Amino acid sequence: MADMTGQVALVTGGGRGIGAAISRRLAERGVRVAIGYSNSPDGAQKIADDYPGCSIHQGDIGKKEDCQRVVDEVLEQHGQLDVLVNNAGITADKMMHKMETDEWDSVIQVNLSGTFYLTRLAFLHMSERETGRIVNISSVIGEQGNMGQANYSAAKSGLFGLTMSVAQEAARKGVTVNCVAPGYIETDMTANVPDKVRDKIVSGIPMRRLGQPDEVARVVEFLADPDSIYITGQVYSVNGGMAM
């Protein structure tokens with residue numbers, strides 16, 4: 001792999017779960033990681049303490065003003081932005097006929113619109129330098145759908161089209177745009193799933209287990225590497241064989 005020492009990456013939702021694994025993997029490559037968080041700074045701060053040169057940034061990516069402020073902070077503090085990982089997301093699960101408008105809007109705003117806001121800002125900077133890596137974190141739910149997650153599924157599916165479209169626009173500027181679609185991963189979110197539901201989920205995974213955050217982070221690291229210049233507009237599934 002290429003030397004990534006001194007590069008700068010912004011990882012949204014980078015202090016917990018998959019995001020934390022991504023932040024740590026990139027930091028171990030010598031990347032200065034700007035770790036985004038929305039509410040609790042504890043996880044982000046722990047990573048920043050463990051890896052000198054990293055920083056933490058609070059913001060609600062569903063608000064374009066916050067996205068602009070966070071990117072401005074990163075550029076002011078680090079001077080450049082080489083990698084953007086759009087990882088942050090929220091859920092508001094409910095059967096479609098019971099779903100309130102604000103529950104639809106909030107999930108779409110954070111999971112899809114927030115990715116658009118940050119991608120646009122990052123691309124403007126990266127295109128001037130004619131280099132950059134953008135990685136969007138989608139989900140197997142965006143590929144298969146799921147009962148009670150019409151909002152989440154729509155947003156995560158929307159990331160596929162956003163990724164492929166922006167990849168076509170960005171290619172001539174030396175900026176790659178790819179997508180990673182994790183399956184069910186061992187995080188705080190899945191830890192709260194009732195045992196019966198968890199067992200049913202695992203029974204539908206050919207590998208018969210949940211994935212680990214670092215198994216997703218390895219793919220993100222690969223796509224963020226400077227040597228991955230000829231890969232763009234692709235979706236990488238990390239789901240133990242759920243969607244073949």
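The values are calculated or read from the model by the stated rules, or taken from the named source; none is laboratory data. Predicted model only: the values in this text are computed from it and were never measured. Methodologically, a virtual Cβ is constructed for each residue, glycine included, from the backbone with ideal geometry; neighbour enumeration extends over all protein chains shown. Ligands, DNA and RNA are stripped out before the accessible areas are found, and what is left, the full protein with its side chains, is counted by its heavy atoms. Shrake-Rupley method; radii C 1.70, N 1.55, O 1.52, S 1.80 Å.
Condition check ((1) within 27 Å of Leu210 (Cα to Cα); (2) of a type in the set (A, V, I, L, M); (3) open to solvent by 70 Å² or more (accessible area, probe 1.4 Å)) across all residues:
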position	(1), (2), (3)
Asn86	yes, no, no
Ile90	yes, yes, no
Gln109	no, no, no
Leu112	yes, yes, no
Leu118	no, yes, no
Ile137	yes, yes, no
Ile141	yes, yes, no
Thr163	yes, no, no
Val166	no, yes, no
What about Leu223, is it within 16 Å of Met1 (Cβ to Cβ), within 19 Å of the chain's Cα centre (by Cα) and among the aliphatic types (A, V, I, L, M)? yes
Of the residues in region 189-244, how many are open to solvent by 40 Å² or more (accessible area, probe 1.4 Å), within 16 Å of Arg24 (Cβ to Cβ) and of a type in the set (D, E, K, R)? 3
If I filter region 19-35 down to residues being open to solvent by 30 Å² or more (accessible area, probe 1.4 Å) and in contact (Cβ under 8 Å) with a residue 60 or more places away in the chain, which single residue comes out as nearest to Gln80 (Cα to Cα)? Arg29
Examine region 92-109 for a residue that is over 17 Å from the mean Cα position of the chain (by Cα), β-branched (Val, Ile, Thr) and farther than 21 Å from Met4 by Cβ, and state whether such a residue exists. yes
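Checking the conditions here, which among Gly132, Gly183 is touching a residue at least 40 places away in the same chain (Cβ under 8 Å) and in contact with a Lys or Arg (Cβ under 9 Å, 6 or more places away or on another chain)?
Result of the check over Gly132, Gly183: Gly132.
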Please name all residue pairs, on different chains or six or more residues apart, with Cβ atoms under 6 Å, provided the first residue is in region 187-202 and is closer than 21 Å to Arg16 by Cα and polar (S, T, N, Q) and the second residue is in a helix (DSSP H, G or I) and open to solvent by less than 60 Å² (accessible area, probe 1.4 Å). Thr187/Gly17
How many residues are closer than 20 Å to Glu128 by Cα and in contact with an Asp or Glu (Cβ under 9 Å, 6 or more places away or on another chain) when one looks only at region 37-96? 1
